[in-house]
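Just so it is clear, none of the values below were taken in a lab; they were calculated from the coordinates. Everything numeric here is computed off the predicted structure, so don't read it as measured data. All Cβ positions, even for glycine, are placed from backbone atoms using ideal geometry, and neighbour counts span all protein chains on display.
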């Protein structure tokens, strides 16, 4: 099996685990006695530690063997998940979430994605780059979809009278940890080709690239704070509390959402070849945010589901296009740094926002974070368009010539 296919497989498995914990985390913590404010704080802790490790990957991963570095991060995540399942003590739960970089976003992001994103362009051509990123994203969201179904396991176990209450949730968290342990082992099977530029000991970033990264990172910061208000954990809690939906129903809902996400990535690659990467990012993202704002005022659960799924059919189309665009406008030797910096900014925004969203849910209304997050994302899209519409990736410059 080629390294590219192995990365696809690892990404899929990791996304299964991430998709499941993203749906269940807030509900699991709620059943452990956490209130919405504490839940938001817990999600922020997990994302905060993820951002910290992403920073380490950005500035120091070239000092280590990539296979080992990727494997050890997955191992720590597996251990953290195991500890999360083992204890009911609130302090130990928070420690496990932090140590294990538990991702309540429900999206596969972090240090592992930083390194994989930097590796993918070297495995293909400029014309096929966006397509490779699209399939990478498909693997993520198909994994997220299966993870969404896995989130229904507690209800299924209770139905079969195998385990009930908090114990059914613990079994699912154990499974989350086991899947991550498997990915840790798979990373060690990658070939030495992934170490091709490991001898680079000093980061030399051009002034042009610095300006691009500064501007685009600022914009990604706005988008990520908006996205942090809309983590899967908090979205699931919104549906759980407002409409009284069970964990199994939420699992099917988020599975459906991730399937739509997966198909949208291929649509994004198709669209990008015709209207460009920046246009695809912006003109699919804005309608998605508008659909989300209407979820807040939906009169009942069926209407809310329709609006939510319409949003999910569009919202992830900017992911492969965004990744491809950043890697295209930056020099090959700068890709790990660029991937890392943009991910750090995004992880930082995601880490800050859930605690604020939890406060909004606790003190104001359940729907307030959704409205605020959508508004911030629309602002990001408008500024992004006017800032980067003239900076073309190589394949688009060739077409314009």
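Tabulated values for the structure
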{"quantity": "Neighbour-count ranking [beta-carbon atoms within 10 angstrom, fewest first] of 3, 381", "calculated": "3, 381"}
{"quantity": "Cα gyration tensor shape for the range 333-393, rounded if a/c is under 1.5, else prolate or oblate", "calculated": "oblate"}
{"quantity": "With Cα atoms, 0 to 90° folded angle of helix 126-150 axis to the chain main axis", "calculated": "10 degrees"}
{"quantity": "Spherically averaged projected area in nm², based on the convex hull that wraps the Cα atoms of the range 263-401", "calculated": "9.4 nm²"}
{"quantity": "Sorted largest first, extent of the chain alpha carbons per principal axis (Å)", "calculated": "62, 44, 33"}
{"quantity": "The range 84-148, Cα convex hull volume normalised per residue, Å³", "calculated": "95 Å³"}
{"quantity": "Helix 165-187 vs. the chain, principal-axis angle (Cα, 0 to 90°, nearest 10)", "calculated": "20 degrees"}
{"quantity": "Solution diffusion estimate, µm²/s, Stokes-Einstein, the range 179-311, Kirkwood Rh from C-alpha pairs, 37 °C, viscosity 0.692 mPa s", "calculated": "175 µm²/s"}
{"quantity": "Cα-based Rg of the range 1-156 normalised by 2.2 N^0.38 Å, two decimals", "calculated": "1.09"}
{"quantity": "Within a Gaussian network of the chain (alpha carbon springs, distance under 10 Å), most fluctuating of 166, 378, 115", "calculated": "166"}
{"quantity": "Span from the the range 234-252 Cα centroid across to the the range 313-375 one, whole angstrom", "calculated": "23 Å"}
{"quantity": "Normalised per residue, the volume of the convex hull around the Cα set of the range 75-115 (Å³)", "calculated": "63 Å³"}
{"quantity": "Share of Cα-Cα pairs in the range 1-91 lying beyond 20 Å, as whole percent", "calculated": "47 percent"}
{"quantity": "Per-residue [θ]222 nm for the chain (sum of -39500 (n - 2.57) over DSSP H runs n ≥ 4, rounded to 500)", "calculated": "-27000 deg cm²/dmol"}
{"quantity": "For the range 1-49: rounded, prolate or oblate by the Cα gyration tensor [a/c cutoff 1.5]", "calculated": "prolate"}
{"quantity": "Percent of C-alpha pairs per 5 Å bin, the range 238-285, short to long", "calculated": "5, 18, 19, 14, 12, 11, 10, 8, 2"}
{"quantity": "Principal axis dimensions, the range 94-239 - Cα atoms, whole angstrom, descending", "calculated": "61, 37, 34"}
{"quantity": "Exposure proxy ranking, count of Cβ atoms within 10 Å, fewest first, for 294, 342, 124", "calculated": "124, 294, 342"}
{"quantity": "Order of 223, 126, 318 under a 10 Å beta carbon neighbour criterion, fewest first", "calculated": "126, 223, 318"}
{"quantity": "Shape of the range 265-345, Cα gyration tensor, a/c cut at 1.5", "calculated": "prolate"}
{"quantity": "Degrees between helix 335-363 axis and first principal axis of the chain (Cα, 0 to 90, nearest 10)", "calculated": "30 degrees"}
